[in-house]
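Colleague: Got a structure for you, written out below as structure tokens; questions coming shortly.
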Amino acid sequence: MIKSFQLAHGALIPVERIDADVMLFSNPDVAERDLLRSDFKLDDHALASALDPDEVSRIEFHPENLFLIWKRPESYSGAESLAFEVSSFGLLFSKSRLLVIATDDSQLSGLGDRQPLHTPLDVLLDMLFNNLHHYLDHLKVIKMVARELQKKFNASMENQHLIQMFNLSESLIYYINAIHSNGAVLTRLRNHAEKEHFGAEAIALIDDLIIENNQCSKQAEIYSRVFSGLIDARGNLMNNSMNNLLRKLTLINVVFLPLNLIASVGGMSEFSMMTSGVPWWIAYPLFLVGMLMVGGLMVVVLKRLTRGSTSMHGPH
């Protein structure tokens with residue numbers, strides 16, 4: 001699908017033209033791809049890169065235009081997996097025209113709210129600002145989701161919560177890689193702007209983009225380190241809880257093992273033979289009392305053994 005816009009009165013005005021100031025190619029079909037190749041001299045590699053969600057950010061300089069691949073955050077769906085994805089889109093920029101090639105038509109929404117748009121360069125920079133703020137908004141959401149997960153994890157240590165924390169940590173790794181690669185593109189764009197004598201206002205906007213991108217990158221790295229520490233701590237806590245549970249079950253098994261042996265003997269005819277001279281209503285209660293005493297003795301011995309092993313392995 002093709003959407004065309006003309007720049008007028010500091011805003012994007014929709015028009016029905018194929019030579020407009022700004023054109024959006026949203027998930028282009030075969031005919032639209034042929035138009036990009038023939039009229040705008042876009043080669044197959046650049047076209048495939050613009051529509052590849054895993055393409056790395058880069059910028060290519062040509063005599064008449066520049067081609068830019070930019071990493072953007074995908075819209076968060078709020079699914080149970082809590083995964084934040086990134087994808088790519090392409091920009092073909094010249095002084096008189098800007099082509100946006102993407103898999104959807106969301107890239108031009110919300111432009112012009114920050115500053116008036118008079119040239120294709122204004123649209124390009126405003127679009128990059130919007131995507132950068134999209135990253136920042138997602139980092140805020142990740143922080144809030146992480147707090148909710150911590151509360152749920154403290155209430156019940158289920159594997160689902162830990163998996164969700166892993167997904168958030170993985171998303172942050174993708175964000176960090178995308179923001180770093182975008183930063184390299186901005187640095188090269190800044191050098192190109194100075195070389196091509198862009199306006200002072202445009203160069204200042206690129207400088208602001210570089211600063212905000214660096215801040216966004218540092219924020220994502222901090223969140224990633226915090227998440228790694230939280231995941232390690234939660235994993236150790238779950239392992240410790242499991243070890244304590246297994247230790248208790250082992251103690252119970254050790255206590256009841258001799259009792260099962262004694263009960264097995266007591267359930268046979270030998271016990272009746274050994275206590276033939278004692279009434280059963282005296283022999284069997286005494287037998288139960290003896291079993292309880294043996295069990296209590298085993299508990300006391302095992303507690304002392306576990307305390308001794310703990311003190312031996314503790315800090316000196």
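The values are calculated or read from the model by the stated rules, or taken from the named source; none is laboratory data. Here the structure is a predicted model, which is why all the values come from computation and not from measurement. Ideal geometry is used to build each Cβ from the backbone, glycine not excepted, and the neighbour counts take in all protein chains shown.
Colleague: Mind checking whether some residue in the stretch 54-61 is at pLDDT below 85 and out of contact with any Lys or Arg (no Cβ under 8 Å at 6 or more places or on another chain)?
Modeller: no
Colleague: Could you go through the stretch 80-93 and let me know if any residue there is surrounded by fewer than 22 Cβ atoms within 10 Å (Cβ to Cβ), in contact with a Lys or Arg (Cβ under 8 Å, 6 or more places away or on another chain) and assigned by TED's automatic domain parsing to the domain that holds GLU196.
Modeller: Yes: one or more hits.
Colleague: Which numbered condition in (1) loosely packed, with under 14 Cβ neighbours inside 10 Å; (2) in contact with a Cys (Cβ under 6 Å, 6 or more places away or on another chain) is the only one that ILE179 fails?
Modeller: Among (1) loosely packed, with under 14 Cβ neighbours inside 10 Å; (2) in contact with a Cys (Cβ under 6 Å, 6 or more places away or on another chain), ILE179 violates only (1).
Colleague: To continue, here is another question. Read through the list (1) in contact (Cβ under 8 Å) with a residue 24 or more places away in the chain; (2) assigned by TED's automatic domain parsing to the domain that holds ASP54, then give the number of the only condition that PHE256 fails.
Modeller: (2)
Colleague: Give the number of residues within the stretch 20-36 that are exposed (fewer than 13 other Cβ atoms within 10 Å of the Cβ) and in contact (Cβ under 8 Å) with a residue 40 or more places away in the chain.
Modeller: Here the count works out to 1.
Colleague: I'm trying to understand the selection: among the residues of the stretch 69-96, which are modelled with pLDDT of 90 or more and under 20 Å from PHE5 (Cα atoms)?
Modeller: PHE89, GLY90, LEU91, LEU92, PHE93
Colleague: Evaluate the following for ASP207: is it surrounded by fewer than 14 Cβ atoms within 10 Å (Cβ to Cβ), in contact (Cβ under 8 Å) with a residue 12 or more places away in the chain and of a type outside the set (A, V, I, L, M, F, W, C)?
Modeller: yes
Colleague: Something else now. Pick from ASP54, ASP43, ASP39: which is closer than 22 Å to LEU172 by Cβ, exposed (fewer than 12 other Cβ atoms within 10 Å of the Cβ) and in the same structural domain as LEU149 (by TED's automatic domain parsing)?
Modeller: Unique residue meeting the criteria: ASP54.
Colleague: Give me the pairs: first residue in the stretch 50-77 and more than 14 Å from GLY90 (Cα to Cα), second residue of a type outside the set (A, V, I, L, M, F, W, C) and in a loop (DSSP other than H, G, I, E, B), beta-carbon distance under 7 Å, and six or more apart or on different chains, which are they?
Modeller: Short answer, once both residue conditions are applied: GLU74/GLU85.
Colleague: Is it the case that ARG17 is surrounded by fewer than 17 Cβ atoms within 10 Å (Cβ to Cβ), among the basic types (Lys, Arg) and not in a strand (DSSP E or B)?
Modeller: yes
Yes/no matrix, rows are residues, columns are (1) polar (S, T, N, Q); (2) closer than 30 Å to LEU139 by Cβ; (3) modelled with pLDDT of 70 or more; (4) not in a helix (DSSP H, G or I):
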position	(1), (2), (3), (4)
PHE198	no, yes, yes, yes
ALA202	no, yes, yes, no
ASN213	yes, yes, yes, no
GLN219	yes, yes, yes, no
VAL226	no, yes, yes, no
ARG234	no, yes, no, no
ASN240	yes, no, yes, no
ASN243	yes, no, yes, no
VAL254	no, no, yes, no
